[in-house]
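The structure appears right after this line, and notes come after that.
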Amino acid sequence: MKISRLSDRITAVIMIVFIFSFLILTVLEKKDDYSLSENRSLASMPRPSKESLSNGSYGRELEAYMADHFAYRDKWVSTKARIESDMCEKIVNGVYVGDDRLLDADISERNISEENISAINKFRENYSGTVYFTAVPTSSGVYGDVLPEYLLSNPEKNQIDSLYNAIDDSIRKIDTYNILKMLNDSYIYYRNDTKLTSYGAYYVYRTVIQKLGFLPSAYDKYTIKHITSDFKGNLYSRCLYNGTKPDIIDVYSYSGGAEITSCTAYKNNGMSYRKTLNDADFLLSGNMYRMYLGEEEPFIRIKTSVNNEKKLLLIKDSYADCFIQFLIQHYSEIAVISPEYMEKNISYFIDPNNYEQTLFLFGIDSMDNDKLFELLNK
């Protein structure tokens, strides 16, 4: 009996020492404003006020601050993710942990926004050229066969078909789902991100560029440079699961082909600056994929040495960032509009009717964002 009580006391003392040591480490540890692994800003220390103390918001903000800054947080969260994936149904924070890749488990919760459909159709009404639309499936759309059946009540193939059926018949829809599904044994999607690799983007490009009226550039004409083999993308940031192999980011350059003569980015305040198509500084950030195109801007104008006076307006999300490198061989000018970063309407930056072709290229997961095309037609 005495031995049992002594053991309980020793255990209690050890727990108290551990808790206090952990609290001290949490207080003394350097506090960061941003988490590279989660690619997000961390909560700041809240300041108490009469209002925040009375309505309880100070306590909630303090709790969020402590959750974001407790000692060795990344290691604890990563360990928790591995334990959950081993013991439970392999779903951690909406991410399915597969044998060799992570997948978005929330795909069936998406609905194609009626506002987006209306905005696309209205753009077509006011545009004098030809409009093309490409909805790219996420990795869950192509590899979703491994997901539990109850997560596939609204598969991405159905979402893409519904979108294509809803937009105007005069808009030329380009199917990329089937070619990507056929190639799913290849490295066409990142293991830790929802998006295409450059290799996957090349096969999307082959399909798209033929619809736009060009012969695709041969794959063996490209020189491939491995920029990093340590990429962990948006799915990793959501769950911090370390059991999946990091990804490779590649850049393709066409040997002896056309080159970029100028690349100018435009901000919402009208300021512009010269830039390169790729920015290696982002390899040191929490979002390595931003290496393609660099800083997020609403409008980029790319001019090339192609001497055909053909101009393309590309309206896109991040799924097109590694796709643009393949368009360089076909157009003398490419205007790149990113609606999610626009604070002013499209006419502030360009007149779409100065471009004979417009290509919409978006991940299907972007199409449930009601505000995506809010400024497209104003």
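Quick notes
- Computed over segment 102-366, relative contact order equals 21 percent, with contacts defined as Cα pairs under 8 Å that lie 6+ residues apart.
- Note on segment 132-198: Rg/Rh from C-alpha atoms, Kirkwood Rh, equals 0.99.
- Residues whose amide H comes within less than 5 Å of that of residue 98, counting only those at least five positions distant or on another chain, are 103 (H built at 1.01 Å from N in the peptide plane).
- Amide H contacts of residue 136: 362, 363, 364, each under 5 Å away and 5 or more positions distant or on a separate chain (H built 1.01 Å from N in the peptide plane; Pro and chain starts excluded).
- Under 13 Å, Cβ to Cβ, from residue 181 - net charge with Lys/Arg +1 and Asp/Glu -1: -3
- Protection-proxy order for peptides 204-210, 289-295, each taking the mean of Cβ atoms within 10 Å per residue, highest first: 289-295, 204-210
- Cα-Cα over 31 Å, subset of 157/303; 157/245; 232/311; 157/275; 90/275: 157/303; 232/311; 157/275; 90/275
- 12 Å beta-carbon shell around residue 226, net charge (K/R +1, D/E -1): -2
- Electrostatic tally near residue 257: other residues with Cβ closer than 13 Å to its Cβ, Lys and Arg +1, Asp and Glu -1, net -1.
- Between the alpha-carbon centres of segment 87-145 and segment 203-255 there is a gap of 18 Å.
- Each residue in 323, 214 was given a count of other beta-carbon atoms within 10 angstrom of its own, and listing them fewest first yields 214, 323.
Here, each number is a calculation from the coordinates, and none is a lab measurement. Small disclaimer: the values here were computed from a predicted structure and weren't measured. Positions of Cβ are backbone-derived with ideal geometry, glycine not excepted, and every protein chain shown enters the neighbour counts.
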